[in-house]
1. Got a number for carbon plus sulfur as a percent of the chain's accessible area, 1.4 Å probe?
2. In the calculated pair distance distribution of segment 6-73, what percentage of Cα-Cα distances lie above 17 Å?
3. From the phi angles alone, apply the Karplus equation (6.51, -1.76, 1.60; θ = phi - 60°) to segment 659-675 and give each ³J(HN,Hα) in whole Hz, x where the residue is Gly or Pro.
4. Out of segment 516-602, which trypsin sites (Lys or Arg not before Pro) are coil in DSSP terms and have no more than 14 other C-beta atoms within 10 Å?
5. Report the number of Lys pairs in segment 305-401 whose alpha-carbons are under 23 Å apart, with separation of 8 or more residues or on distinct chains.
6. Percent of Cα-Cα pairs per 10 Å bin, from 0 to the last occupied bin, for segment 361-461, please list those.
7. Which one of 372, 599, 386 is farthest out on the positive end of the charge dipole of the chain, using unit charges on Cβ (Lys, Arg +1; Asp, Glu -1) and the Cα centre as origin?
8. Relative contact order (percent) for segment 540-670, with alpha-carbon contacts under 8 angstrom and 6 or more residues of separation?
Amino acid sequence: MKYAELFKESNEEIRERYELSMERIDSILNEEVIQEPVKGYFKKAAEFILKIKELVALAETDKLSRMTLEELKKLNYELYEDVIPGNYENSFGNPRYAVKKLGKVGKLLSFLYAEIRGMIVYAYECRLFDITIYLELFIEVYNYFEEADEYTYKDVKRAIYDFISDYTGDIIEYRTRELIDPELSFVNDIIRNWDLKDLRYLYQFGEYIGENEIKTAEFLNSLTEEEVKAMAFTYKEGYRRGFEAARIDLSKKESVNIRYNIGFERMLYYAVEYFEEMRLKPVIYRAAVNTVNKKQHLKIGFHSTGPNKQYDYDHRFDNGLYLDKAYNERKLSGLRKAFEKYKNEAAVYAGPAVIEVFGEKNFAPENKTEVIKLDKRQQKLYVSYNRDASLITNEYIKGEETSFTIIAYPIPEIGEKFKNIFADTVKVNTLDNQTYKEIQQSIIDVLDQGEYVKILGRGKNRTNLKVMLYELTDPGKETIFENCTADVNIPVGEVFTSPKLTGTKGTLHVTQVYLHELEYIDLELQFEDGKISSYTCRNFESEEDNKQFVRENLMYNQETLPLGEFAIGTNTTAYVMAQKYNIGDKLPILIAEKTGPHFAVGDTCYKMSEDLTLYNPDGKLIVAKDNEISILRKTDMDKAYFNCHTDITIPYDELGEISVYKKNGETITIIKDGRFILPGTEKLNEAFR
């Protein structure tokens with residue numbers, strides 16, 4: 001395969017180190033130097049590593065493609081069985097178990113175990129360098145335990161720190177290349193060269209393959225060619241329309257990043273063809289498996305639904321073992337060098353086209369005291385790195401020259417009505433743009449008259465929020481809100497703005513919401529002058545745990561976040577679909593944000609592209625793209641962005657009122673008790689009947 005050819009030379013250069021390391025690890029199984037319980041850890045890890053050796057041999061000789069379906073299923077299970085629910089409680093990948101069995105050093109060894117498990121995907125991709133450096137780290141740590149004493153913990157921690165210091169540049173360089181270089185065609189080769197009706201292809205990726213992946217692939221194979229092509233066309237067309245709407249010249253671009261969940265390959269087969277007709281080559285990179293490239297527990301890239309979300313959550317802050325100012329500087333230096341090396345590829349990168357999935361069982365994580373965490377100093381460093389890395393990235397991949405699209409589909413785990421939900425989701429994704437464009441314009445015409453908007457909850461929802469609006473200087477030619485149809489965000493159905501922060505205040509509350517794969521119960525945010533002044537939820541018994549959960553996972557360890565976006569969703573059809581199948585808590589934010597007003601905390605929707613000239617379909621210039629924080633980009637870039645944007649939606653059934661307040665005291669109500677009452681919007685209520 002073309003992809004494997006890329007690593008032949010580098011693999012031969014490191015093969016001797018690889019083979020010597022594997023020989024040393026093989027000998028560990030028969031050694032009695034180390035005492036229990038640590039001995040059990042090293043034997044378990046060594047046995048796993050030797051499975052990787054066998055896997056490398058299979059991958060390099062292309063025997064994986066000739067194995068039977070049952071053989072591939074068995075192999076996949078053996079590689080992931082240690083961390084699946086049930087087995088995970090007694091896995092060294094579980095920090096709680098590792099600390100219980102091994103004591104203080106268990107945190108370090110659980111970290112190492114998780115990193116070693118990343119070898120699975122390196123083996124499938126025949127990347128011997130990535131495997132070998134972890135083999136050598138494992139051997140070094142083992143050597144410290146051969147003569148264990150009171151300094152062993154510090155020795156091991158230093159070994160991990162030195163390893164990260166030595167190899168961060170290499171790891172970052174490859175990751176940067178993955179993001180923008182179509183030549184790294186591992187996934188595209190599978191999609192284009194396999195018979196996708198032969199489900200053995202699923203086991204060529206190296207990811208955990210469960211019922212979701214198998215049943216999704218089977219379902220897509222059951223659809224007609226016309227149905228699958230229509231899905232791919234909607235996806236591609238949304239991407240094209242995003243460039244058209246922003247008046248960005250797509251002809252200058254040569255690559256598109258495809259992110260998706262395994263199982264959708266038949267749709268992607270046609271999507272790749274459509275993109276290539278647009279002269280865009282696919283870049284499909286894997287969600288990160290190593291600590292250097294992970295972003296907490298989030299999966300960014302292609303991936304499966306995974307073996308165990310708690311495992312990912314437990315290791316979300318493993319960088320707490322080594323994160324310091326010097327590491328940040330090395331990583332940023334490595335990032336800049338990598339982009340400089342691949343600046344030509346970066347210049348022609350068009351942006352991501354994302355397929356999200358929904359329907360998994362809601363995940364409410366367990367907070368464990370044994371996991372690695374970031375201290376306050378590291379939290380600030382983490383925020384600082386994300387900000388500086390974003391600025392470097394934007395130098396080479398300019399935000400004003402790229403666009404994106406996102407579309408979502410259900411997966412079989414959503415329940416026995418999966419096929420019906422899938423069909424209804426396709427309908428939601430293809431609602432008529434023109435109809436919504438006209439209805440949404442009537443809403444914008446009223447909002448443009450307002451000084452502020454008042455949003456009230458009803459029933460158990462305690463929302464009472466005043467959102468200040470940008471002040472227009474030329475209402476005949478300018479507009480505050482963007483009329484959003486089905487382009488970058490599919491499906492159709494919202495108007496949105498960057499609100500004025502000064503004077504924005506009150507309570508935002510939702511009884512239940514699912515954000516970034518985590519469930520929040522009774523999430524409540526208080527705002528003063530448009531910034532979060534306090535926050536909590538009711539996931540845990542302890543208020544301290546609740547605040548920590550929100551701070552780590554919603555606020556990304558930042559002291560506060562501004563209200564970066566206020567929007568009114570108009571897709572009542574999607575809302576009714578959610579009610580019909582009782583899947584409101586399963587909808588991804590992409591769809592959920594269209595089913596009521598939503599409020600994004602973090603950056604505005606226009607981050608890094610504020611100076612791009614944008615018009616609504618009525619020809620008016622969109623002027624509300626900055627707020628009091630983002631405008632600092634002109635004087636103090638370091639303070640302008642937070643590098644996050646999280647949408648929080650109030651569903652119609654929890655919504656009491658949305659009203660526009662004019663300077664002259666007049667009030668115009670858009671929604672009352674969950675129904676649209678503004679003239680020109682009545683058609684939206686037909687979905688409720």
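The values are calculated or read from the model by the stated rules, or taken from the named source; none is laboratory data. All of these numbers come straight from a predicted model, not from anything done at the bench. All Cβ positions, even for glycine, are placed from backbone atoms using ideal geometry, and neighbour counts span all protein chains on display. Ligands, DNA and RNA are stripped out before the accessible areas are found, and what is left, the full protein with its side chains, is counted by its heavy atoms. Shrake-Rupley method; radii C 1.70, N 1.55, O 1.52, S 1.80 Å.
1. 48 percent
2. 56 percent
3. Values, residue by residue: 10, 9, 10, 8, 5, 7, x, 5, 10, 10, 9, 9, 10, 9, 6, x, 10 Hz.
4. When the trypsin sites (Lys or Arg not before Pro) of segment 516-602 are filtered for loop state and at most 14 Cβ neighbours within 10 Å, 538 remain.
5. Close lysine pairs under the 23 Å cut-off: 18.
6. Taking all Cα pairs of segment 361-461, the binned fractions are 9, 14, 22, 37, 16, 1 percent.
7. Of the candidates, 599 comes out farthest on the positive side.
8. Contact order relative to length: 25 percent.
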